[in-house]
Amino acid sequence: RAVHIFVFNSADELLIHKRSATKDEQPNLWTSSAAGHLSAGEHYAETADREMLEEIGLTGELEFLHKFAATPETSREHVALYRMTSDETPTFDPVEIAEGKFCSLAEIDAQISESREKFSTSFRVLYEWYRQNYS
């Protein structure tokens, strides 16, 4: 089980980050603002709060959006997607994240259209669902 969080700023730009080169799965790919796996006995919302703080140094009120079934595209993980809005400056964990940036959804659409392979598979599934349901 895993969580992904989409953090938007007040300009409606989405924070994405590039996974570090040392990650076991899908290194150097762009992905959600923050993401992670549930620990034993942990609920999705607890994990989302923990991962946000650990990976990008942010806290805030999260809105649950959707739970995705485990499929090959989600690395066979059940995934809960959350979102929040913050204008705080993220502090990236250098072990987890090579770099991060806020982008408009139109910019992300263009980047995915040009180079799908530069984005994690899970992110593409979640992002495409988001665009269909919230755009």
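The values are calculated or read from the model by the stated rules, or taken from the named source; none is laboratory data. It should be emphasised that the depicted structure is a prediction, and the values quoted were computed from it without experimental measurement. Using ideal geometry, Cβ is built from the backbone for each residue, glycine included, and neighbour counts are taken over all protein chains shown. These area figures cover heavy atoms from the full protein model, side chains too; ligands, DNA and RNA do not enter into them. Shrake-Rupley method; radii C 1.70, N 1.55, O 1.52, S 1.80 Å.
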Beyond 21 Å between alpha-carbons counts as too far, so tell me which of K23/K101; K18/K118; K67/K101 fall in that bin.
K67/K101
Got a sec? Charge dipole of segment 52-135, +1 on Cβ for Lys and Arg, -1 for Asp and Glu; which of F102, H78, F64 is way out at the positive end?
H78
Quantify, in whole percent, the carbon and sulfur part of the accessible surface of segment 5-135 (1.4 Å probe; protein heavy atoms only).
47 percent
Rounded to whole Å, give me the distance from the Cα center of segment 88-104 to that of segment 1-69.
11 Å
Check: the chain dipole with +1 on Lys, Arg Cβ and -1 on Asp, Glu Cβ, in debye
440 debye
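To the nearest 20 Debye, how big is the dipole of segment 17-65 about its Cα centre, given +1 on the beta carbon of each Lys and Arg and -1 on that of each Asp and Glu? Mind showing how you got there, number by number?
On the way: 4 positive and 10 negative charges, 63 e Å.
It works out to roughly 300 debye.
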With an 8 Å Cα cut-off and a minimum separation of 6 or more residues, compute the relative contact order for the chain in percent.
33 percent
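Per residue, how large is the accessible surface of the chain? Use a 1.4 angstrom probe and give square angstrom.
Values: 7000 Å² over 135 residues.
For the chain, the solvent-accessible area averages 52 Å² per residue.
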Only bridges whose two residues both fall in the chain count here: according to DSSP, what percent of them are antiparallel, nearest 5?
70 percent
